[in-house]
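Colleague: Attaching a single structure in structure tokens format; questions to follow.
The values are calculated or read from the model by the stated rules, or taken from the named source; none is laboratory data. Computed from a predicted model, the values in this text were never measured in an experiment. Methodologically, a virtual Cβ is constructed for each residue, glycine included, from the backbone with ideal geometry; neighbour enumeration extends over all protein chains shown. Heavy atoms of the whole protein, side chains included, go into the accessibility calculation; ligands, DNA and RNA do not. Shrake-Rupley method; radii C 1.70, N 1.55, O 1.52, S 1.80 Å.
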Amino acid sequence: MSTSPDAQLARFRLSDQYLQLKNNFHRHLIQQIDERNLDIDRWDAEQTDRFVLEQIRRYVVDQRLPINQRESEALARDAKDELMGYGPIQGLIDDDDVNDIVVNGPDRVFVERAGKLSSVPVRFLNNAHVMRVIQRILAPIGRRVDESTPMVDARLPDGSRVNAVIPPIALDGPCVSIRKFRKHPLTSEDLLRYGSISEVELEYLQRRVAERTNLIVVGGTGSGKTTFLNLLSQWIPQDERVVTVEDAAELRFEHGHVVRLETRPPNLEGERAVTARDLVRNALRMRPDRIVVGEVRGDEVLDMLQAMNTGHDGSMTTLHANSARDAIHRLELLAGFAGYTGSEVTFRGQIAAAIQLLVHVSRLKGGERRVMSVVELTGLADGELTMRQLFRYDPDRREHLDLRGSTT
Ligand SMILES: Nc1ncnc2c1ncn2[C@@H]1O[C@H](COP(=O)(O)OP(=O)(O)OP(=O)(O)O)[C@@H](O)[C@H]1O
Ligand SMILES: [Mg+2]
């Protein structure tokens, strides 16, 4: 067992004793602020630091706390995070190497770094503590979570995405997931360097986007769909007018001629929602050359396909599915839910007419993202969609294969 001062401090900060101490000191600070009527929201970081340090010095003496200098410095840091920021996960938020933060109740915190999810030694005192932090994350953006709305999906001012689910829906305590907004979106160079795609594949897709191919990026949760869609969008020529529709604006365009639309959840009375379908319909009236929909997951599927069929060539979206074939089933399913009443074959005809390319992305076991295949929809035969695989990733050879020359 390691006994270096760092390891000792790390262990101390995870102990029940420390969590309790931190909680007590936090309460003490709040009390001081209340009693002295301090307007800490207006303070800068330095003023806050000074206040917390001064308070801690007194508190340690008054309470005769048996903690050393390093421990009290750690306490000061944590108390400040608790007061001003997101408590125990503030350090993870500040860490640029961390992409995702997942809190599954007070004792189970995970992060994703470089594509790998791992548990981190960060703890909350109890469920109420997790709740406090969730409310603090949501309050500035005018959202809240409580028994009547136990689930929220929101976007922070910096673009990060937050999802929170609390009891009674979440059985093991309040959960929050944060997908941090990358300061610099991944570029094609990054994807090449990571081996996510091959150079010929990239050039091919670049050409297809310029030629105004309608395409869908398909993949599972967190597989890199949005990242890839963002990359593809960069290749839309500057003189084309683009309207984007998203639930939470994640796409980043360096494009001059873009109108971004975002859906709105219903208000507390359950009214005044603006759905993706409303926005796709509205987008069509805005005379766009192309429409880019962040993700198709509901009844907007019909409007999207219609848009692709009616002169908005080069439109793009993403879809949650685990293969190109699966994507077709998923589209059929969504159309069914959306109240599509035509026959299956008619609908497949619409798909064949609307979509030319499917790009399947995936997150491999080790956390790497790969473009698994690029598939062209070639038409309809005997009521079934026909497809041709143009590129495929071979996981055994760890290689992207170009199948365009082959006959199969
Ligand atoms: N090719 C890649 N290489 C490494 N990391 C990537 C790659 N593509 C995406 N990521 C990272 O993976 C995470 C998920 O990416 P992204 O949001 O694009 O996935 P998604 O499929 O849209 O997820 P969701 O299903 O939640 O919408 C992000 O942190 C992103 O930075
Ligand atoms: Mg996404």
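Colleague: Using a 1.4 angstrom probe and counting only protein chains, how large is the accessible area of residue 281 in Å², to 10?
Modeller: Residue 281 exposes around 110 Å² with every protein chain in place.
Colleague: What is the extension gain from residue 3 to residue 70, computed as 0.36 nm multiplied by their sequence separation minus the C-alpha to C-alpha distance, in nm to one decimal?
Modeller: 22.6 nm
Colleague: Which log10 I(q)/I(0) values does the chain give at q = 0.06, 0.08, 0.09, 0.13 Å⁻¹ under the Debye formula, counting every alpha carbon as one identical point scatterer?
Modeller: Log10 of I(q)/I(0), two decimals: -0.32, -0.55, -0.67, -1.13.
Colleague: Let me ask you something else. When the Karplus curve 6.51 cos²θ - 1.76 cosθ + 1.60 is applied with θ = phi - 60°, which whole-Hz ³J(HN,Hα) does each residue of the stretch 145-161 get, with x for Gly and Pro?
Modeller: Here the 3J(HN,Hα) series is 10, 7, 4, 7, 10, x, 9, 9, 10, 9, 10, 7, x, 7, x, 5, 9 Hz.
Colleague: Run the accessible area of the chain with a 1.4 Å probe and give the carbon-and-sulfur part as a rounded percent. The partial results should precede the final answer.
Modeller: Working: 10140 of 20990 Å².
C and S atoms contribute 48 percent here.
Colleague: How much area per residue is accessible in the stretch 188-402 when the probe is 1.4 Å and only protein heavy atoms are counted (Å²)?
Modeller: That works out to 45 Å² per residue.
Colleague: Right, next: Projected onto the charge dipole of the stretch 108-163 (+1 at Lys/Arg Cβ, -1 at Asp/Glu Cβ, origin at the Cα centre), which of 111, 150, 130 gives the Cα projection farthest towards the positive end?
Modeller: Sorting the options by dipole projection puts first 111.
Colleague: Let me spell out the model: positive unit charges on the Cβ of Lys and Arg, negative unit charges on the Cβ of Asp and Glu, origin at the Cα centre of the stretch 1-84. What dipole size does that give, in debye rounded to 20? It would help to have the intermediate numbers written out before the result.
Modeller: On the way: 13 positive and 16 negative charges, 68 e Å.
The dipole of the stretch 1-84 has a size of about 320 debye.
Colleague: Quick one: Karplus J couplings for the stretch 373-383, per residue in order, coefficients 6.51, -1.76, 1.60, θ = phi - 60°, nearest Hz, x for Gly and Pro?
Modeller: Whole-Hz 3J(HN,Hα) from phi for the stretch 373-383: 6, 10, 10, 9, 7, 9, x, 10, 9, 6, x.
Colleague: For the chain, return all DSSP H helices satisfying: extent of Cα atoms along own axis at least 24 Å; mean Kyte-Doolittle hydropathy at least -1.0.
Modeller: Values: long enough: 16-35 (28 Å, -1.22); 45-62 (25 Å, -0.61).
Both cut-offs are met by 45-62.
Colleague: Can you list the lysines whose alpha carbon is less than 27 Å from that of residue 80, not counting same-chain residues fewer than 8 positions off?
Modeller: 22, 180, 183
Colleague: Any idea what log10 I(q)/I(0) is at q = 0.11 Å⁻¹ for the stretch 85-182, Debye with uniform C-alpha scatterers and no solvent?
Modeller: -0.28
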